[in-house]
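Asks: Before we start, here is the structure in question, set down as structure tokens.
Derivation of every value follows stated rules applied to the coordinates shown; laboratory data play no part. Only a predicted model underlies this, so the values are computations on that prediction, with no experimental measurement involved. Note: ideal-geometry Cβ built from the backbone for every residue, glycine included; neighbour counts use all protein chains shown.
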Amino acid sequence: MSFRSDTLLWMLQRASAAVLALCVLVHLVTIIYAVQGGLSAAEILGRTRGNYGWAAFYSVFVLACAVHVPIGLRAVFAEWLAWRGRSRAVALVAFAALIAATGMRAVIGVFAG
Amino acid sequence: MPRYASQTVLDVVTHIQRALDPTLAYRYACRVGMCGSCAMTVNGVARWTCRTHVDKVAKDGALEIGPLKNLPVIRDLVADMSEFFDKWAQARGRFEGSATRSDDFAKVAPQSEQREQVDAAIECIGCGVCYASCDVVTWNPDYLGPAALNRAWTLVNDVRDTANLERLRAVAGDAGCHACHTHVSCSERCPKQIAPTAGIAGLKRAVAKAAMRGDL
């Protein structure tokens, strides 16, 4: 039944929003703290390269985005473009995969680069 | 238009029909803010015309009066309320109890949390102001809307009601409580100072709890 899947998606969006709130806070605090000595690629890589903690943190961040953003877009598509149904679901799954793939590529890049 | 102290927008409409254009169609009944039938769009905002003083809304002495938005227009200022009330039925806005006439009265403590939730939402008279003010209804015509969901919320908190699971199923999903963006227009415009947004948030929590229990 669609109300069950709608409810599940809503819960996933709420849960991912809670994760993102924490991730954004940690990310912003890190930025503000880290740029005090000037911003450089070497400094960022020095912090992230080989660091499993940061890799795990940003992996969670990316995956939460990949869950959260397409569910929000789903409502935008319905309300602004009257786009519903299977084609919308396929497009959103593809977009989720794109966010996850490009995001994880960046995470791996700063971890292993 | 003759002006006088404490003139309401409904007075203006009535004057137009009686003195200027007898073909004008509009709807009203009680004239004192009890029946909810005279709601119209006044200078872009849904209001009860009987409780809206011209002085408060006529910028530069100009009034633009139209039918309620988000509803089909029957004629002139008369909106067709059918879908508005059909959605109350879709949201299972009807009390369903199990007691018979031989049972004693149910005893509900006035200070109980559920009864206080009901008190905050029960005074709705179905005027349609919230429905006409809701952006989500405009974008998604299937959306049940603030009034129907507010009604469902009062029943979800009614300890005597026996159809809550079916009701939660009826209000869940993209046409139900999960469509609300909490723009709060309904709560802002409600002439009874009800906050349907809060009730809709309560429905979201109740649906989520039912889903986590595996009941939904």
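Asks: When the convex hull of the C-alpha atoms of the range B:126-210 is computed, what volume per residue in Å³ does it have?
Replies: 85
Asks: Find the Cα radius of gyration of the range B:112-164, compare it with 2.2 N^0.38 Å by division, and give the number to two decimals.
Replies: In units of the globular-protein estimate, the range B:112-164 measures up at 1.26.
Asks: Taking each full run of DSSP H in chain A as one helix, which ones are at least 24 Å long along their axis (Cα atoms) and have mean Kyte-Doolittle hydropathy of at least 1.0?
Replies: A:2-34, A:52-81, A:85-112
Asks: Quick one: what do you get for chain A if you divide its Cα Rg by 2.2 N^0.38 Å?
Replies: 1.28
Asks: Here is a further query. For the range B:63-149, divide the Cα radius of gyration by the Kirkwood radius and give the resulting Rg/Rh value with two decimals.
Replies: Looking at the range B:63-149, the ratio lands at 1.10.
Asks: Still on this structure: Can you list the HN-Hα couplings for the range B:193-198, worked out from phi with the Karplus curve (6.51, -1.76, 1.60; θ = phi - 60°), rounded to whole Hz and with x for Gly and Pro?
Replies: Listing the rounded values in order: 6, 7, 10, x, 4, 5 Hz.
Asks: Taking the number of other C-beta atoms within 10 Å as the exposure measure, put B:L168, A:L28, B:L71 in order starting with the fewest.
Replies: Taking fewest neighbouring Cβ atoms as first place, the list is A:L28, B:L71, B:L168.
Asks: With r defined as the distance between the Cβ atoms of A:A42 and B:E113 and R0 fixed at 41 Å, what FRET efficiency is calculated, to the nearest 0.05?
Replies: 0.10
Asks: For chain B, modelled as a GNM with alpha-carbon contacts under 10 angstrom, which of B:T52, B:T162, B:T100 fluctuates the most?
Replies: Most flexible of the set in this elastic network: B:T100.
Asks: Compute the label zone of A:R84 within the range B:125-142: residues whose backbone N is under 19 Å from the point 7 Å along Cα-to-Cβ.
Replies: Output list for this probe position: B:134-142.
Asks: Could you derive backbone 3J(HN,Hα) for the range B:203-214 from the dihedral phi with the Karplus parameters 6.51, -1.76 and 1.60 (θ = phi - 60°), listing whole Hz in sequence and x where the residue is Gly or Pro?
Replies: 3J(HN,Hα) across the range B:203-214, in whole Hz: 5, 4, 5, 5, 5, 4, 5, 5, 5, 5, 7, x.
Asks: Over the Cα atoms of chain B, what is the Rg over Rh ratio if Rh follows Kirkwood?
Replies: Result: Rg/Rh = 1.04.
Asks: With a cut-off of 8 Å between alpha carbons and a minimum separation of six or more residues, what is the relative contact order of chain A in percent?
Replies: Worked out over chain A, it gives 37 percent.
Asks: Right, something else. Which shape class, rounded, prolate or oblate, goes with the protein assembly as shown when its Cα gyration tensor gives a ≥ b ≥ c as root eigenvalues, a/c under 1.5 marks rounded, and past that a/b bigger than b/c marks prolate?
Replies: Because a/c hits 1.5 or more and a/b exceeds b/c, the protein assembly as shown counts as prolate.
Asks: Is the C-alpha gyration tensor of the range B:1-79 telling us rounded, prolate or oblate? Criteria: a/c under 1.5 is rounded; beyond that, a/b larger than b/c is prolate, otherwise oblate.
Replies: Cα axes put the range B:1-79 in the rounded bin.
Asks: Select from B:S102, B:S185, B:S112 the residue whose mean-square fluctuation is largest in a Gaussian network model of chain B (Cα-Cα springs shorter than 10 Å).
Replies: So, out of B:S102, B:S185, B:S112, the one fluctuating most is B:S102.
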